[in-house]
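Report on the following structure.
The values are calculated or read from the model by the stated rules, or taken from the named source; none is laboratory data. Note that the structure is predicted; figures quoted are calculated from it, not measured. Positions of Cβ are backbone-derived with ideal geometry, glycine not excepted, and every protein chain shown enters the neighbour counts.
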């Protein structure tokens, strides 16, 4: 009698072989000798030991393996990124810091490290965005990180054409750490409004940039004799170069020497008739000298040339206020506020305009904003904004 076709295979497998095959199957499908959690914990400990012992290459391998097992390990991404950054392996460090930012609720200093990596890989737009994210989060980190990140942030602000903001950061660094060739060069580029990084401007401009940087540095640290010496040399040798007179005017402005500042702004406008910053600063000097009728057309021209220049709208708003054109004044001051909401002087001027228009509640709101912002302007407020704080001790009455 024949066996059914479905039973035939079992005829050829002796029973003594069934149990070894079954045991092999169960072994292959059982839990590994080292469960994932145990293996991860061992690797994390080994990585920590290697890092503390300064066995950097070994630590990098171990952290990478741990992160392969557990991609959500935030501390691992931070430590791996830090090790790679210290080895100047910026493309790899950048990716690690990106993952850290994505896996932790408080990225903090990681934004600065990420921005520094992107600076080194020449991704300047992304780098600037991450420096700004770092600033919004409070610019946290060690003193060394704050110095290095602030300096590179300033370089990118200069490249972006945001010169007052760059000088604000560089002046703070000058006051904190003192003079260095790199800092002087960076201050020179920003002072002369040159949208260059230190490595990419013409070599024939070196002395020009250096003299401007020296003057800016000594101004920032309050060594005015040295400032005057460098500024005089700058004018003697480079009076026909763009922005030299404008820069000299700003130095006079910081010293409250309004007549000398006005003269330099006028000289700049002779060389560059459409130089908006010179128009704006000259208009503000004229307002302070009780010449608002002269200031208004100049500030109006600046607004026409650069409608998104908040300082031009601020100057025009102030000039119009002083000529009793309160509604027009408030219109331009409101525009200035939209462009630079963190500027205390704008809020002060707007409060005065609202008060003159009988808009008491709005005047009170702007007065309160002025008091809360005074001396605490964000990075969007340039050094000139701080120096332009009104002399009155409090809000308008």
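Annotation: of all residues in segment 201-257 being more than 28 Å from the chain's Cα centre (by Cα) and within 18 Å of residue 280 (Cα to Cα), the one that is surrounded by the most Cβ atoms within 10 Å (Cβ to Cβ) is 257. Residues in segment 84-94 that are surrounded by fewer than 22 Cβ atoms within 10 Å (Cβ to Cβ) and part of a helix (DSSP H, G or I): 85, 86, 90, 91, 92.
Exactly one residue out of 271, 189 is under 26 Å from residue 308 (Cβ atoms), surrounded by fewer than 17 Cβ atoms within 10 Å (Cβ to Cβ) and in contact with a helix residue (DSSP H, G or I) (Cβ under 8 Å, 6 or more places away or on another chain): that is 271.
Residues that are in contact with a helix residue (DSSP H, G or I) (Cβ under 8 Å, 6 or more places away or on another chain) and modelled with pLDDT of 95 or more number at least 1 in the following helices (runs of 4 or more DSSP H) confined to segment 322-397: 326-339, 344-356, 360-373. Taking the listed residues 304, 296, the one that is buried (at least 18 other Cβ atoms within 10 Å of the Cβ), at pLDDT 95 or above and over 23 Å from residue 136 (Cβ atoms) is 296, with no other qualifying. Just one residue in the set 304, 283, 293 is touching a helix residue (DSSP H, G or I) at 6+ places or on another chain (Cβ under 6 Å) and either farther than 22 Å from residue 374 by Cβ or part of a helix (DSSP H, G or I) (or both); that residue is 283.
Return a yes/no flag: does segment 95-113 have any residue that is modelled with pLDDT under 95, part of a loop (DSSP other than H, G, I, E, B), surrounded by 15 or more Cβ atoms within 10 Å (Cβ to Cβ) and at positive phi. Within segment 95-113, one or more residues are modelled with pLDDT under 95, part of a loop (DSSP other than H, G, I, E, B), surrounded by 15 or more Cβ atoms within 10 Å (Cβ to Cβ) and at positive phi.
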